[in-house]
Ligand SMILES: NC(=O)c1ccc[n+]([C@@H]2O[C@H](COP(=O)([O-])OP(=O)(O)OC[C@H]3O[C@@H](n4cnc5c(N)ncnc54)[C@H](OP(=O)(O)O)[C@@H]3O)[C@@H](O)[C@H]2O)c1
C-alpha cells in the first residue's frame, strides 16, 4: 500500500503496491508532497513525550565486555594481505565503501553478495564484480546459515574478521528481523565456525532509543554479540548518512521551500559521509582501542538541525531562505490512523511501521542520548573524518543525487 500525503489531506491507496513503499521514502515523500502542495497547517496534535523508563537505554560505556575476555587476536600481528576479512552487506551504500577501504588497506577481502544486488536487485553479477573490484566476491545467501557455511567451506580459507554492513532494505517488520537480526547472526555463527575472532558491526546511533522494530532487531543482535565470549566486537553506531539529508536539495534548487517539522530544531545530527564512515569501520579491524567497544560516531564539525541544514543549502544557492514549518502532530495523526487500520487489515503493519519511522526521524536527534535526562548531546557525540554536509550539498547541486538514492534503503 502507499500512503500519499498532500498538504491538507492524505489518502491511503490499496494494499497492492505497498512493497514499493518503505521507511526511507515515508518522510521524504511526505516532504515532497508538502513542497508541492504548500498551504499553512492548523492541526497541531499532542506532542510525543520522551520517558526514559520506557526505553531500555544502554550506555555505550556500560555496554562493553572486558578486553580480557577477548579470544585470540593474533591476526593483528599478521601482514594485512594475510588477514582474511569477510564482509557481508558488501553491496550496500556503506558496504561498498567498506570493501573499498579494506581493499585499499591491503586486507584480503571476501565480499559476500547476492546474484542480484543493490536497490531492487538492479545489479547483475558482473555489475557487482565490477563494483567490488579488489575483493574476492562470493555469491551466497546470508539468510540461510547452511548455504552461507557451505560457501565459506568452498572458499577454503580461514576467516579472521567479519564485518557486517547488512541491513533490511525495506525496513518492514519481518524483513528487519530476517536481516538485521537473523542474517547478521548467521554471519557471526558462520564466521566463528571458520575461525573469526573479531566482529565489526555497522549498527545505528538511534538504537539508543528503540521505538522501532528494526532497532529492536539490531539491539537483540548487539546484545548476543556482546555476550559471546568466543569473539570480540566493535559495534559502530553512526549518526545520519549524507543520503538521508540530501532529499530536498534538488527540490529547493527548483524553487521549492525547505520543509522541516516543528521549529526546525526538533532533531539534530552530525552527518557522516560514506567514505569517512567506511574508513572508521576499517579502523575497527585492527585498532586495539576499538576492541569490545560500542562506538557512536558522527562526521566532522558541529551538530546541525534541519533549520541549519536548510540555511546551508540556501547560502550555497545564493537564494533568500524559504522555509515551510510543518507541525509534527500531522505525523501523529497519520500514525494514529494507520495503527487503527492495522487492527482491521493486518497486512498494513509495514505501512504503519514506515509511518513510525518517518515520525521518529522527524523528531529524534541522531546524537548521544543521556539515559537519565533523555537529552541528546552534540558535545558527547564523537566526530570523525573530513567530509562536510556543505560539500555534499554543493556536489548534489552540481551533479544530482546519483549514488545517493534512498530507493529501498534501510533508514530514513
Ligand atoms: N541512513 C542513515 O542515515 C543511517 C544512519 C545511521 C545508521 N544507519 C545504519 O546503516 C546500516 C546500513 O545502511 P546502508 O544504507 O548501507 O544499507 P543498504 O544500502 O540498504 O544496504 C543493505 C545491505 O544489506 C544487504 N541485504 C539486505 N537484504 C538482504 C537479503 N535479503 N539478503 C542478502 N543481503 C541483503 C544488501 O544486499 P543487496 O545489495 O543484495 O540488496 C546490502 O548489501 C543500517 O543498519 C542502518 O540502520 C543508517
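The values are calculated or read from the model by the stated rules, or taken from the named source; none is laboratory data. Because the structure is a prediction, the values reported are computed rather than measured. Neighbour counts run over all protein chains shown; Cβ positions are idealised from the backbone, glycine included.
Quick check on region 107-155: of everything there that is in contact (Cβ under 8 Å) with a residue 60 or more places away in the chain and within 18 Å of residue 185 (Cα to Cα), which residue is surrounded by the fewest Cβ atoms within 10 Å (Cβ to Cβ)? Give the derivation first.
Filtering region 107-155 for residues in contact (Cβ under 8 Å) with a residue 60 or more places away in the chain gives 107, 112, 119-120, 152.
From what is left, the residues that are within 18 Å of residue 185 (Cα to Cα) are 112, 152.
Values: 112: 27, 152: 24.
Step by step, filter region 107-155, then rank; the result is 152.
Do we have residue 323 as touching a strand residue (DSSP E or B) at 6+ places or on another chain (Cβ under 8 Å) and more than 21 Å from residue 379 (Cα to Cα) here? Give the derivation first.
Details: touching a strand residue (DSSP E or B) at 6+ places or on another chain (Cβ under 8 Å): yes; more than 21 Å from residue 379 (Cα to Cα): yes.
Yes; evaluated as a whole, the condition is true for this residue.
Just the residues that are crowded, with 24+ Cβ neighbours inside 10 Å and on the phi < 0 side of the Ramachandran plot, please, taken from region 80-91. Explain how you work it out, then say what you get.
Filtering region 80-91 down to residues crowded, with 24+ Cβ neighbours inside 10 Å leaves 85-91.
Scanning region 80-91 gives 85, 86, 87, 88, 90, 91.
Test residue 191 against the criterion of being buried (at least 23 other Cβ atoms within 10 Å of the Cβ), within 16 Å of the ligand (Cβ to nearest atom) and on the phi > 0 side of the Ramachandran plot, and give yes or no. Steps first, answer last, please.
Values: buried (at least 23 other Cβ atoms within 10 Å of the Cβ): yes; within 16 Å of the ligand (Cβ to nearest atom): yes; on the phi > 0 side of the Ramachandran plot: no.
Against the criterion (buried (at least 23 other Cβ atoms within 10 Å of the Cβ), within 16 Å of the ligand (Cβ to nearest atom) and on the phi > 0 side of the Ramachandran plot), residue 191 does not qualify.
Go through 397, 324 for me and flag whichever is touching a helix residue (DSSP H, G or I) at 6+ places or on another chain (Cβ under 7 Å) and part of a helix (DSSP H, G or I).
Being touching a helix residue (DSSP H, G or I) at 6+ places or on another chain (Cβ under 7 Å) and part of a helix (DSSP H, G or I) holds for just one of 397, 324, which is 397.
Checking residue 340 against (1) surrounded by 15 or more Cβ atoms within 10 Å (Cβ to Cβ); (2) closer than 20 Å to residue 213 by Cα: exactly one of these is not met. Which one?
(1)
Look at residue 99 and say whether it is closer than 22 Å to residue 232 by Cα, in a strand (DSSP E or B), under 24 Å from the mean Cα position of the chain (by Cα) and within 14 Å of the ligand (Cβ to nearest atom).
Numbers: closer than 22 Å to residue 232 by Cα: yes; in a strand (DSSP E or B): no; under 24 Å from the mean Cα position of the chain (by Cα): yes; within 14 Å of the ligand (Cβ to nearest atom): yes.
No.
Only one of these is at pLDDT 95 or above and over 30 Å from residue 226 (Cα atoms): 277, 367, 317, 348. Name it.
317
Can you confirm whether residue 357 is over 18 Å from residue 299 (Cα atoms) and more than 16 Å from the ligand (Cβ to nearest atom)?
Details: over 18 Å from residue 299 (Cα atoms): yes; more than 16 Å from the ligand (Cβ to nearest atom): no.
In short, no.
Have a look at 166, 148, 129 and point out the one that is within 15 Å of the ligand (Cβ to nearest atom), at negative phi, modelled with pLDDT of 95 or more and part of a loop (DSSP other than H, G, I, E, B).
Numbers: 148 fails: part of a loop (DSSP other than H, G, I, E, B); 129 fails: part of a loop (DSSP other than H, G, I, E, B).
Just a single option satisfies the conditions, and that option is 166.
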